[in-house]
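To start, the structure under review is shown below, and the notes come after it.
The values are calculated or read from the model by the stated rules, or taken from the named source; none is laboratory data. Quick caveat, the model's predicted, so the values are computed rather than measured. Backbone-built Cβ (ideal geometry, glycine too); neighbour counts: all protein chains shown.
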Amino acid sequence: MNQNTFEHHEHAASDSPVRRNASLSGLRCIACARDYPVQDLPAGCPHCAGAGTPASLEAVYRKLPKTLAADSSGYRWGSWLPYTHGVSLGEGNTPCLDLPRLAQQLGLRQLSAKHEGMNPTGSHKDRMSVQGVSRALEAGARSVVLASSGNAAVSAAAYCAVAGLRCEIATYRDMPEPFARAFQRLGAKRVVFDRGLERWAHVRRQVEQEGAFALTNYSVPAVGSPVFGVEGYRAVALECVADGCIPDHVLVPTARGDLLWGLYSGFRDLLAAGLIRQLPRLWAVEPFARLSRVLEGASLQAEFAGQTAQFSIAGSTVTLQQKLAVERSGGGAVVVSDADAAKGVAQLGTQGLWVELCAGACLSALASLQAQGRVLPSEHALLLLTAKGDRDTLDAGF
Ligand SMILES: [Zn+2]
């Protein structure tokens, strides 16, 4: 392992477009709370990894703003994030849409949708790429590597292109063609594997032997994506509240929980700053029981096999970050079948929204929570629409 490689040749602040948040004081383990200096630790907390219970790190800020005023230069929410200035394609500021007709049909006081498909490459992953690729630039990396067969691949390819970094993407052989075409058009290199774990081994080799910067996890058992990228998702919570959308419940399509943790972290700090009165309950929407089983007592390190057409949230692993995000916010996990996800896509279509299959699953998950009495008629729910639907070739069969 060579975890400190990037510390040796960081750019001087004066010759780089990247500026680190002066308030970023270090990294902290989300499980054992050990503190580490700012550095790249792709496997998460070394202590917890050594104990066989891997855990993600989060950023520690000396001082956060007390208001939701936009920063005067650089990123709108830079003072809440690891990097205040860096690579950009105009991401964020996605609309928080009010859906009164669907709210009425469902018997809910208010229903909103944060449309992350409005980001430059069509998904929420741009939130992660913008901070992660800025970190790669500051660290002096020449190339970025990740395992993805969908939205993250297209997003990373775009941000690496604008940053002038090489991008290599480990994919499945049978990934949907529109995604492969998109990231290859953006100049990224595709490396094809048959199995998920082979992709992760490839990412590890690129990091350890070639000095590449990893944007996604490659550890087994899994942790979330590297901390600098995951922190980028805090901006989603900040934008909702700044736009006056303060929900009681948030429904989030979830694979390994990067977005879920970023939302939790953002809302938690908004609560601490007195900018909201209570933490929204976060619900992980999953295509088959993974986190649901862990919450019932299964081991976090177990493999949870299952097939799904909701490819953006496929995968057989659960991470600690997603478990903590739902437990600490008082939410939970909801399983939605592909057929019910497709019904959700169709219902959102009646409101002019064309979203990927797993984003449709949010709406079906909301109906299940209402049926169980966990979401009440007097409450406000927010759907996280993670990506637009026009690259999703797999919803047509339902
Ligand atoms: Zn730890």
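Is region 170-181 home to any residue that is touching a strand residue (DSSP E or B) at 6+ places or on another chain (Cβ under 6 Å) and either at pLDDT 95 or above or within 30 Å of Pro100 (Cβ to Cβ) (or both)? Yes, region 170-181 contains at least one residue that is touching a strand residue (DSSP E or B) at 6+ places or on another chain (Cβ under 6 Å) and either at pLDDT 95 or above or within 30 Å of Pro100 (Cβ to Cβ) (or both).
If we keep just the residues of region 354-398 that are more than 21 Å from the chain's Cα centre (by Cα) and within 21 Å of Ala182 (Cβ to Cβ), which is surrounded by the most Cβ atoms within 10 Å (Cβ to Cβ)? Even if it seems obvious, please write down each step before you answer.
Of region 354-398, the ones more than 21 Å from the chain's Cα centre (by Cα) are 367-380, 393-398.
Applying the additional criterion that residues be within 21 Å of Ala182 (Cβ to Cβ) yields 393-396.
Numbers: Thr393: 13, Leu394: 16, Asp395: 20, Ala396: 9.
If we take residues in region 354-398 being more than 21 Å from the chain's Cα centre (by Cα) and within 21 Å of Ala182 (Cβ to Cβ), then Asp395 is surrounded by the most Cβ atoms within 10 Å (Cβ to Cβ).
Would you call Gln278 part of a loop (DSSP other than H, G, I, E, B), surrounded by fewer than 24 Cβ atoms within 10 Å (Cβ to Cβ) and at negative phi? It would help to see each step written out before you state the result.
On the way: part of a loop (DSSP other than H, G, I, E, B): yes; surrounded by fewer than 24 Cβ atoms within 10 Å (Cβ to Cβ): yes; at negative phi: yes.
Yes: the conditions hold for Gln278.
Does Gly122 satisfy being in contact (Cβ under 8 Å) with a residue 24 or more places away in the chain, surrounded by fewer than 24 Cβ atoms within 10 Å (Cβ to Cβ) and not hydrophobic (A, V, I, L, M, F, W, C)? So that I can check it myself, show each step before the final result.
Working: in contact (Cβ under 8 Å) with a residue 24 or more places away in the chain: yes; surrounded by fewer than 24 Cβ atoms within 10 Å (Cβ to Cβ): yes; not hydrophobic (A, V, I, L, M, F, W, C): yes.
Yes; evaluated as a whole, the condition is true for this residue.
One residue stands out among those in region 22-35 that are in contact (Cβ under 8 Å) with a residue 24 or more places away in the chain and within 15 Å of the ligand (Cβ to nearest atom): the one that is farthest from Glu327 (Cα to Cα), which is Gly26. At least 2 residues being away from the ligand (no atom under 16 Å from the Cβ) is the threshold, and among the strands (runs of 3 or more DSSP E) wholly inside region 36-124 those reaching it are 83-85, 96-98, 110-115.
Being in a loop (DSSP other than H, G, I, E, B) and of a type outside the set (D, E, K, R) is the filter; apply it to region 284-300 and report the residue that is surrounded by the most Cβ atoms within 10 Å (Cβ to Cβ).
Quick first cut of region 284-300, residues in a loop (DSSP other than H, G, I, E, B) only: 287-290, 296-300.
Narrowing the set further to residues that are of a type outside the set (D, E, K, R) leaves 287-289, 297-300.
Working: Pro287: 26, Phe288: 19, Ala289: 15, Gly297: 6, Ala298: 15, Ser299: 11, Leu300: 17.
Step by step, filter region 284-300, then rank; the result is Pro287.
Within region 320-353, the residues that satisfy the criterion of being crowded, with 20+ Cβ neighbours inside 10 Å, under 26 Å from Leu279 (Cβ atoms) and either modelled with pLDDT under 95 or among the small types (Gly, Ala, Ser) (or both) are Ala325, Ser329, Gly331, Ala333, Gly344. Residues in region 295-324 that are farther than 21 Å from Ala341 by Cβ and not hydroxyl-bearing (Ser, Thr, Tyr): Glu296, Gly297, Ala298, Leu300, Gln301, Ala302, Glu303, Leu320, Gln321, Lys323, Leu324.
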